[in-house]
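First comes the structure, then the notes that go with it.
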Amino acid sequence: MSFIIHQVPGRVRVRVHRLTYDQPFAAFLEEQLITVEGIKNVRLNCWSGSVIINYETIQNSSINKQIFAVINQAKNTKSVSQNNESNKQKILEEWSSLTYPGLATILSLASLKIKLPALRLIAILMLIRAAVPVLERAYNSVVKQQKINLDCLDSLALIFSGLQGKVVTPSLVITLHELGDIIRERTARSTEAKTSNLLDTIGSFAWVERDGKIISIESYTVQVEEIVVVYPGEKIPVDGIVIKGKATIDQQQLTGESMPIVAQKDTYVYASTLLRSGEIRIKCERVGHKTRAAASFDLLQKAPIHDTRMANYAANLAEQLIMPSLLLAAIILTVTRDPSRVASILTLDFVTGIRVSMPTAFLGALNHTTRHGILVRSGRTLELLSEIDTIVFDKTGTLTQGDIQVVEIETVTQGLAKDKVLQLAASAEQRITHPIAEAIAHYANSREIEILPRQAWDYEVGLGMVATIDGQTVLVGSQKLLTSKGVTIIETVKMQEKDNFSPIYVACDGIFQGIIYYSDPLRPQSAQLIHHLQQDYGMEVHLLTGDNQKRATEVAQQVQIPPSQVHAEAFPEDKAKIVQNLHHRGKTVAFVGDGLNDSVALAYADVSISFENGSDIARETADVVLMNNDLQDLLEAIAIAQQTKQLITQNTLMVVAPNMAALGLATTVGLNPLLATLIHNGTAIVAGLNSLRPLVQHKLESN
């Protein structure tokens, strides 16, 4: 329990009972309090369980809230002492595997100098105990799984060394194997630890305005649209829009960017980011597991990293090479009668390093993309993303902004009035999430036109809406929709060419009534993105849209897509067929789209890409989600994928070349088993560390 014992302007003494028994918590609390803006110094009295805080008097109005916010957050954080104990336990368990092989090595080396039979006997017993886990794994593989694995090769290598009466060599071999496993495991886990920071940094409490008061509650209990207040030194607990105030926010934990941003009214801010200075009020939009930070962590946790062709190829190759290794060892034993050479051949395995370093490389890349606001669902997706040679873009909401606006309404002579046509169209399109439907509804609201009740309705994806309004059948959609329903479009209507405008046709009870024109400007980055993809990456770029040919051609010209690669008036099934046709031509295809009608094409593409603000189906179908809704992030994703591919190629060479050379030496002139073990484990460790290089570089660049 915490409460104020005494307070005067500029100084406050707070009772925190936990200080009396949890020293790591005390140190952690002091570190957190000193970061609060306005606090000049902090002094702990652990014996009495209190903390004395001196602060600038201009902070009087909010300092208590900030202090208790930090104390509550520190309390809700898992005990530092518990973390320390847990980490110590893990380290002890991890290094315990070295106990027996380490003792066997030390005692066997000592027995070479000290000629005591008992010392050598103890060393042999320690060696046997150290070899038991390896022999057990080999036994289980042969007897229970009925297959020979790498443990079988290691067991045979130890047996052949032991048959020569050697103790030092097999002891050192097991020690090096265990040491290599520990280093590889820690290398891989260091990447996983980075991903967990995303979830750990989401604030556990929040200040919310309720009934005119500001109260502290657990962050996951905040309701959507509630007002959340964030003070200096606090983690933002929800995703939402700033409605009041101005603050400097550090987003490095979430995005990896070292430079803080200045957030003010209408700025969108994210949970887990740190408010360095200032004070803001946020209208909550997403809470808990729905926040971007939590979604990023969840996706990273679920992302399969062992599903790549490269990893599968390495695993299969490892199994296929076991029998040839055994046969080669048998031949060498028959010819040379040298168990030492046999042990060296059985020790060398140039696939293990690849199998270890691949998951590390993919996990590191997935972490890297996530911190750039790009969610990639699997290692397989990254692998394919590095291989794409063709990208197909949807138009509306993808190359264009998707912020569609109605610009004009045109009606037939002696038909319904413009406002009536708009009323029928808006009533038919109400509560439909398609951008065009939303634009029509928004335009009607801006003109204060009443939205009529909609009875029966049927939304035909890629065509438009068929609805019953006041007993009338209303059609709102493409020209194909109207003609498919037997409606004749009157050619006498004034249908002049309208640059950059697209039409939506409206009919009532089978009679054509007019056209609603809308505009959807290009995204600012679209033209530059297409240029980079075509010139820098040599990709074939296609434009695929359900819009009319004229508008599709205009957009294609603006972004320099060749006319032969423009596909207009395409239904969802047409989009899927076009993607399939590109497959049949031997292309590796990525499809970028954000709408409901893009979901089929997204499903058929090798790599499907959508936006965070795209339709639910498109976002769930996509392999890659651009969380910042910025097309330029696509270039970043491709660059990371290609860098990962190059990294894996480097790792393969690092592992294969030395092991192949060592295998040649072991087969011909002979190679000490110790040296073979060093080469085998050393290359695997170097490859694993190389996989972490991009993360280290990124960290240095951020700092």
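Below, the figures for the structure above:
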quantity: The stretch 360-389, residues that are within 18 Å of Ala618 (Cβ to Cβ), among the β-branched types (Val, Ile, Thr) and assigned to a helix (DSSP H, G or I); calculated: Thr381
quantity: Qualifying positions in the stretch 538-584 - at pLDDT 85 or above and among the polar types (S, T, N, Q); calculated: Thr553, Gln557, Gln558, Gln560, Ser564, Gln565, Gln580, Asn581
quantity: In the stretch 567-586, the residues that are more than 14 Å from Ala603 (Cβ to Cβ) and among the aliphatic types (A, V, I, L, M); calculated: Ala568, Ala570, Leu582
quantity: Residue within the stretch 513-531 that is within 23 Å of Ala441 (Cβ to Cβ) and aliphatic (A, V, I, L, M) present; calculated: yes
quantity: Single residue of the stretch 1-32 satisfying the filter (assigned to a strand (DSSP E or B) and in contact (Cβ under 8 Å) with a residue 60 or more places away in the chain) that is surrounded by the fewest Cβ atoms within 10 Å (Cβ to Cβ); calculated: Ile4
quantity: Test: residue in the stretch 624-642 that is in contact with a helix residue (DSSP H, G or I) (Cβ under 6 Å, 6 or more places away or on another chain), more than 15 Å from Gly364 (Cβ to Cβ), touching a residue at least 60 places away in the same chain (Cβ under 8 Å) and acidic (Asp, Glu); calculated: no
quantity: Among residues of the stretch 255-271, those that are at pLDDT below 80 and of a type in the set (Ser, Thr, Tyr), counted; calculated: 2
quantity: The stretch 378-399: number of residues that are surrounded by fewer than 24 Cβ atoms within 10 Å (Cβ to Cβ), over 25 Å from Val555 (Cα atoms) and modelled with pLDDT of 80 or more; calculated: 5
quantity: Cβ-Cβ under 7 Å pairs, at least 6 apart or on other chains, the stretch 125-150 side in contact (Cβ under 8 Å) with a residue 60 or more places away in the chain, far side surrounded by 20 or more Cβ atoms within 10 Å (Cβ to Cβ); calculated: Leu150/Asp349; Leu150/Thr352
quantity: Residue in the stretch 561-568 that is touching a residue at least 12 places away in the same chain (Cβ under 8 Å), within 31 Å of the chain's Cα centre (by Cα) and not assigned by TED's automatic domain parsing to the domain that holds Phe501 present; calculated: yes
quantity: Considering residues of the stretch 219-237 that are over 26 Å from the mean Cα position of the chain (by Cα) and outside any loop (DSSP other than H, G, I, E, B) only, the residue surrounded by the fewest Cβ atoms within 10 Å (Cβ to Cβ); calculated: Ile227
quantity: Residue match in the stretch 43-65 (condition: modelled with pLDDT under 75, exposed (fewer than 13 other Cβ atoms within 10 Å of the Cβ) and assigned to a helix (DSSP H, G or I)); calculated: yes
quantity: Filter result (surrounded by fewer than 18 Cβ atoms within 10 Å (Cβ to Cβ), touching a residue at least 24 places away in the same chain (Cβ under 8 Å) and in a helix (DSSP H, G or I)) within the stretch 529-549; calculated: His531, His532, Gln534
quantity: Elements of type strands (runs of 3 or more DSSP E) in the stretch 407-488, at least 3 residues being touching a residue at least 40 places away in the same chain (Cβ under 8 Å); calculated: 464-469, 472-477
quantity: Set Ala552, Ala618, Ala590: member being in contact (Cβ under 8 Å) with a residue 24 or more places away in the chain, of a type in the set (A, V, I, L, M), not in a helix (DSSP H, G or I) and not assigned by TED's automatic domain parsing to the domain that holds Thr433; calculated: Ala590
quantity: Candidate set from the stretch 395-406 (those that are among the polar types (S, T, N, Q) and not in a strand (DSSP E or B)); member that is nearest to Gly546 (Cα to Cα); calculated: Thr396
quantity: The listed residue being surrounded by 14 or more Cβ atoms within 10 Å (Cβ to Cβ), modelled with pLDDT of 85 or more and not in a helix (DSSP H, G or I), out of Ile305, Ile282; calculated: Ile282
quantity: Total residues in the stretch 668-703, condition modelled with pLDDT under 70 and surrounded by fewer than 18 Cβ atoms within 10 Å (Cβ to Cβ); calculated: 8
quantity: Inter-residue pairs, beta-carbon under 6 Å, first under 23 Å from Lys265 (Cβ atoms) and in the stretch 208-229, second acidic (Asp, Glu) and surrounded by fewer than 15 Cβ atoms within 10 Å (Cβ to Cβ), 6+ apart; calculated: Ile227/Glu209
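The values are calculated or read from the model by the stated rules, or taken from the named source; none is laboratory data. This structure is a prediction, so every number in the text was calculated from the model and none was measured. Using ideal geometry, Cβ is built from the backbone for each residue, glycine included, and neighbour counts are taken over all protein chains shown.
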